[in-house]
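For reference, the structure discussed in these notes is given below.
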Amino acid sequence: MDDNKGTGKEEIYSKRVKAGKRTYFFDVKATRSNDYYLTITESKKRYKDDGFFYEKHKIFLYKEDFSKFSDALTECIDHVKEELMPDFDFSQYDKKEDEDTDLTWD
């Protein structure tokens, strides 16, 4: 949270999800006027000749879009599970939350 001092963006809540070579970060942030929004960041470790770096892609999701985004995401996931891959056992990817996610907040 110290990295955001003076920028007017305060991190309120954060969740990290490790997914193979990728890590996803879900961060709830606040503006100076206590307006809340969510950033979703995908981070991938990439290798170069002299070492490695992290490639990041970020989405900003504002409160007025939370429901639409959540509904669309759920609909797409359900479509894959129920229509495209109904016989696939997705539970093989389920792990205890403590093993593959970290939860932090202030």
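The values are calculated or read from the model by the stated rules, or taken from the named source; none is laboratory data. Values in this document were obtained by computation on a predicted structure and should not be read as measured data. Positions of Cβ are backbone-derived with ideal geometry, glycine not excepted, and every protein chain shown enters the neighbour counts.
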- Message: I'd like the full set of residues that are surrounded by 10 or more Cβ atoms within 10 Å (Cβ to Cβ) and not in a strand (DSSP E or B), limited to segment 50-68.
- Response: Lys63, Asp65, Phe66, Lys68
- Query: Residues of segment 41-59 being within 18 Å of Tyr13 (Cβ to Cβ) and out of contact with any Phe, Trp or Tyr (no Cβ under 6 Å at 6 or more places or on another chain), which ones?
  - Reply: Lys58, Ile59
- When segment 20-33 is checked residue by residue, the ones that are loosely packed, with under 12 Cβ neighbours inside 10 Å and under 26 Å from Tyr93 (Cα atoms) are Gly20, Lys21
- Query: Of all the residues that make up segment 17-49, how many are at negative phi and not in a strand (DSSP E or B)?
  - Reply: 6
- Task: Name, by its number, the condition in (1) without any contact (Cβ under 8 Å) to a residue 12 or more places away in the chain; (2) in contact with a strand residue (DSSP E or B) (Cβ under 9 Å, 6 or more places away or on another chain); (3) surrounded by 10 or more Cβ atoms within 10 Å (Cβ to Cβ) that does not hold for Tyr47.
- Result: (3)
- Note on the structure: Asp65 fails exactly one of (1) acidic (Asp, Glu); (2) at pLDDT 95 or above; (3) touching a strand residue (DSSP E or B) at 6+ places or on another chain (Cβ under 6 Å), namely (3)
- Mind checking which pairs have a first residue in segment 1-22 that is closer than 16 Å to Lys58 by Cα and a second that is part of a loop (DSSP other than H, G, I, E, B) and modelled with pLDDT under 85, Cβ under 6 Å, 6 or more apart or different chains? Glu11/Met1
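So which residues in segment 1-16 are modelled with pLDDT under 95 and either assigned to a strand (DSSP E or B) or within 16 Å of the chain's Cα centre (by Cα) (or both), if there are any at all? Even if it seems obvious, please write down each step before you answer.
Pass one, segment 1-16, residues modelled with pLDDT under 95: 1-12.
The answer is Glu10, Glu11, Ile12.
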